[in-house]
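These notes concern the structure reproduced below.
The values are calculated or read from the model by the stated rules, or taken from the named source; none is laboratory data. Fair warning: this is a prediction, and the values are worked out from it, not measured in the lab. Areas reflect the complete protein model, heavy atoms only, side chains present, ligands, DNA and RNA absent. Shrake-Rupley method; radii C 1.70, N 1.55, O 1.52, S 1.80 Å.
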Amino acid sequence: QIQLVESGGGLVQPGGSLRLSCAASESIFNINSMGWYRQAPGKQRELVATIASGGSTNYADSVKGRFTISRDSAENTVSLQMASLKPEDTAVYYCVARRSVKLYWGQGTQVTVSL
């Protein structure tokens, strides 16, 4: 069982930046991939970004060029640097880890982009 704990959410103005972090309970070398999903009110959960164990990354079209996913193997963390935030980025952001066919989810952290 992989435990994931997110941090770094909050309220930010449009055009601002936030950095989300996700701490895993075990070495991320044992995890196939990690990433971030988000869910806005009344909408389905959607992929934001992923990073595989080999380092390859994948982004939703809506965040390309604005968000950057990275990992720190020494700290067993994955981060999401978000810039040029828009009101439509408002959502609960969830960290996810995949090992084989199983997914593990964090509890989520709220990001609100508003004046």
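Values for this structure:
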item	result
Equivalent ellipsoid semi-axes - Cα gyration tensor, the stretch 1-102, angstrom	23, 14, 13
LYS86 accessible area, assembled protein chains, probe 1.4 Å, Å²	80
Candidate aspartates and glutamates for bridging to LYS43, where Cα separation is under 19 Å - those fewer than 8 sequence places away on the same chain excluded	ASP61, GLU88, ASP89
Partner lysines for LYS86 [C-alpha distance under 16 Å; skip if fewer than 8 residues away on the same chain]	LYS64
Taking the chain and dividing mean pair separation by its residue count, relative contact order in percent (alpha carbons under 8 Å, at least six apart)	37
Between the stretch 27-47 and the stretch 72-115, the alpha-carbon center distance in angstrom	6
